[in-house]
1. Can you classify the stretch 44-101 as rounded, prolate or oblate using the Cα gyration tensor, where a ≥ b ≥ c are the square roots of its eigenvalues, rounded means a/c under 1.5, and otherwise it's prolate if a/b beats b/c and oblate if not?
2. Using a 1.4 Å probe on the protein heavy atoms, what percent of the accessible area of the stretch 1-61 belongs to carbon and sulfur?
3. Roughly what percent of Cα-Cα pairs across the stretch 12-115 reach past 21 Å?
4. With a 1.4 Å probe and all protein chains in place, put Val119, Val100 in order of accessible area, largest first.
5. For Lys64, list the lysines whose Cα falls under 17 Å from its own Cα; do not include residues on the same chain fewer than 8 positions away.
6. Each residue of the stretch 77-91 in order: what ³J(HN,Hα) in whole Hz does its phi give by Karplus 6.51 cos²θ - 1.76 cosθ + 1.60, θ = phi - 60°, with x for Gly and Pro?
7. Starting with the highest mean, order 52-61, 24-33 by the number of other Cβ atoms within 10 Å, averaged over the residues of each peptide.
8. Quick one: Karplus J couplings for the stretch 30-46, per residue in order, coefficients 6.51, -1.76, 1.60, θ = phi - 60°, nearest Hz, x for Gly and Pro?
Amino acid sequence: VQLQASGGGLVQAGGSLRLSCVASGRTFSRYDMGWFRQASGKERESVAAITWNGASTYYSESVKGRFTISRDNTRNTVYLQMNSLKLEDTAVYYCAAKIVRGSHLSRALYDSWGQGTQVTVSS
């Protein structure tokens, strides 16, 4: 599956952004989806994940209660709603897809990645 992320930008601390990731192909609904981020000079880390049918979601502790992941299988799209943004949320955000079930926040299981979209939070 090919992935195209969008929606990043510059936002003030406390603001909101919604990221979108559109997948190509007819098999999107088979994939668990995840959002990851990579800040400058740091390793890529998990942010949120959602199962293939949207029944379960998972969040890293750093974003729990502020970010919401969702998906629309009819539009081949996964979303990341980001509220109450903090300076430390500044990073390039990537969407990713995996077929293997379980370990939804484990980067190693994701085998398809989008190109990334920059999110910059200013004070």
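1. On the way: a/c = 1.81, a/b = 1.68, b/c = 1.08.
Prolate, because a/c is 1.5 or more and a/b exceeds b/c.
2. Working: 1410 of 3290 Å².
About 43 percent, which is the carbon plus sulfur part of the accessible surface.
3. Details: 1471 of 5356 pairs.
Within the stretch 12-115, distances greater than 21 Å cover 27 percent of Cα pairs.
4. Details: Val119 0, Val100 80 Å².
Correct descending sequence by accessible area is Val100, Val119.
5. Reachable lysines: Lys86.
6. Listing the rounded values in order: 9, 10, 10, 9, 8, 10, 10, 6, 5, 10, 4, 6, 7, 4, 4 Hz.
7. Details: 52-61: 13.6, 24-33: 17.1.
Per-residue mean Cβ counts within 10 Å order the peptides as 24-33, 52-61.
8. Once θ is set to phi - 60°, the couplings for the stretch 30-46 become 7, 9, 6, 10, x, 10, 10, 9, 9, 7, 4, x, 10, 6, 5, 10, 6 Hz.
The values are calculated or read from the model by the stated rules, or taken from the named source; none is laboratory data. Since we're looking at a predicted model, the values are computed, not measured. With ideal geometry, Cβ positions are generated from the backbone for all residues, glycine too; neighbour counts draw on all protein chains shown. Surface areas here come from the heavy atoms of the whole protein model, side chains and all, with no ligands, DNA or RNA. Shrake-Rupley method; radii C 1.70, N 1.55, O 1.52, S 1.80 Å.
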